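See below for the structure under consideration.
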Amino acid sequence: MKLLRNTFFIISFLLIPLSAQKVGILPFENLSGFEEVWDIRKDIPVHFGAMLAKEEKNEIVPFDELDALLQSNTKKKINQYDTEDWKALLPGCDVIVIGYIDQFDLKRYNVAEPTLAGYEYYSFTVKMRVIFADLNLGRVSEQTEVETELSRNVVGLNLFGRTSSDRKDFFGLSQIDFGSEKFMRSIVGEGMADAFNQFYKHYKREIKLSYSESDDESESVPTLTGTLLTYDASTGDAFVNIITKGLKPGERLFVYEETDSLYDQNTGELIGIAEKRIGELRILEIRNSKLLYAAVQGDKTVLRPGLIIKYFRKP
């Protein structure tokens, strides 16, 4: 009977979808200046969450729940590249998405007088940056750009003097809910559909594949080596001496400590020093050609000044 119970437990465990995660898409910071019609800091993450739920067997954390948690902790300083900070602030989330809206433009131009059935030009542009953080694995992605631009040239009036459908859609946008079926047929809806496809592509690369890819960086080529100069164990802030040319905020650095001396078995000659990877940093700011500011990912207690820092670039 005990064997049967154990077998049932194992089978039940295997039937659980391992990819199921609790995903929180945080309010996107609106830097675009767009404040008409829709509240895009909320509407875009809510829309992306609904679309993501259709693609993945994940639980999307309600936007209002996340917003309330953030609003209640406005005085708490959060390092966006520190997964431990996010885990403390948003308990229960497996993955979070941070977003910035740099541009959200909807424009219309007349090429001739509408009463003369002249052409009208409609355009929609959205530019965003997103960051994906896997709180379980302690991984934070680099900033990823999502950008789309659409345009249409249409006749303002048809041959019977009636207003075109595009003209009606444009002037009726203020009456349409963001993400609704009618919204998705508009030029803005088409643009947001393309933006989500880009978003989802990056999500699969940064989150879904992170569980199937090896965490062993042996397939990478170490291109730079540096030293951990200073480290604050309470905040996770670190300064690293390393050649910074080609590096950028968001990229990962790996921390190593020397363990054993390695000798040639035949001659007894010292041939190297064994190294053990003990931590990971995320670049926050490039200070100059040989100095950068970074944040520790994961355990903050194991690092100390003097440790070896390596930057790996995929071949």
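The values are calculated or read from the model by the stated rules, or taken from the named source; none is laboratory data. Everything numeric in this text was worked out from a predicted model, so none of it was measured. Virtual Cβ from ideal backbone geometry, glycine too; neighbours counted across all protein chains shown.
Data overview
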quantity	calculated
Where residue 65 falls short, out of the listed (1) modelled with pLDDT under 90; (2) loosely packed, with under 13 Cβ neighbours inside 10 Å; (3) not in a loop (DSSP other than H, G, I, E, B)	(1)
All positions within region 70-86 that are surrounded by 12 or more Cβ atoms within 10 Å (Cβ to Cβ) and under 25 Å from residue 142 (Cβ atoms)	70, 78, 79, 80, 81, 82, 83, 84, 85, 86
Answer from 97, 111 - the residue that is modelled with pLDDT under 90, under 30 Å from residue 187 (Cβ atoms) and in the same structural domain as residue 202 (by TED's automatic domain parsing)	111
Residue satisfying all of: in region 238-284; in contact (Cβ under 8 Å) with a residue 60 or more places away in the chain and acidic (Asp, Glu); farthest from residue 145 (Cα to Cα) among these	280
Selection from region 234-254 of residues that are assigned to a strand (DSSP E or B) and closer than 17 Å to residue 289 by Cα	238, 239, 240, 241, 253
Complete set of residues in region 287-315 that are of a type outside the set (A, V, I, L, M, F, W, C) and assigned to a loop (DSSP other than H, G, I, E, B)	289, 290, 298, 299, 300, 301, 304, 305, 306, 314, 315
Complete set of residues in region 53-62 that are at pLDDT 90 or above and buried (at least 19 other Cβ atoms within 10 Å of the Cβ)	60, 61
Every residue from region 271-288 that is more than 27 Å from the chain's Cα centre (by Cα) and not basic (Lys, Arg)	271, 272, 273, 274, 275
Residue within region 19-31 that is more than 16 Å from the chain's Cα centre (by Cα), in a loop (DSSP other than H, G, I, E, B) and at pLDDT 80 or above present	yes
Within region 219-277, considering residues that are in contact with an Asp or Glu (Cβ under 9 Å, 6 or more places away or on another chain) and of a type in the set (A, V, I, L, M), the one nearest to residue 206 (Cα to Cα)	253
All positions within region 262-286 that are surrounded by 12 or more Cβ atoms within 10 Å (Cβ to Cβ) and either of a type in the set (Lys, Arg) or in the same structural domain as residue 81 (by TED's automatic domain parsing) (or both)	277, 282
Breaking point among (1) farther than 13 Å from residue 82 by Cα; (2) of a type outside the set (Val, Ile, Thr); (3) part of a loop (DSSP other than H, G, I, E, B), for residue 257	(3)
Residue within region 298-305 that is more than 18 Å from the chain's Cα centre (by Cα), farther than 25 Å from residue 206 by Cβ, acidic (Asp, Glu) and not assigned by TED's automatic domain parsing to the domain that holds residue 133 present	no
Flag if residue 96 is touching a helix residue (DSSP H, G or I) at 6+ places or on another chain (Cβ under 8 Å) and in a strand (DSSP E or B)	yes
Residue list for region 132-150, restricted to those being farther than 15 Å from residue 24 by Cα and at pLDDT 85 or above	143, 144, 145, 146, 147, 148, 149, 150
Inter-residue pairs, beta-carbon under 6 Å, first in the same structural domain as residue 176 (by TED's automatic domain parsing) and in region 39-60, second among the polar types (S, T, N, Q) and at pLDDT 90 or above, 6+ apart	40/30; 41/30
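Matching residues to (1) under 30 Å from residue 120 (Cβ atoms); (2) modelled with pLDDT under 85:
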position: 171; (1), (2): yes, yes
position: 184; (1), (2): yes, no
position: 187; (1), (2): yes, no
position: 191; (1), (2): yes, no
position: 206; (1), (2): no, yes
position: 212; (1), (2): no, yes
position: 231; (1), (2): no, no
position: 234; (1), (2): no, yes
position: 242; (1), (2): no, no
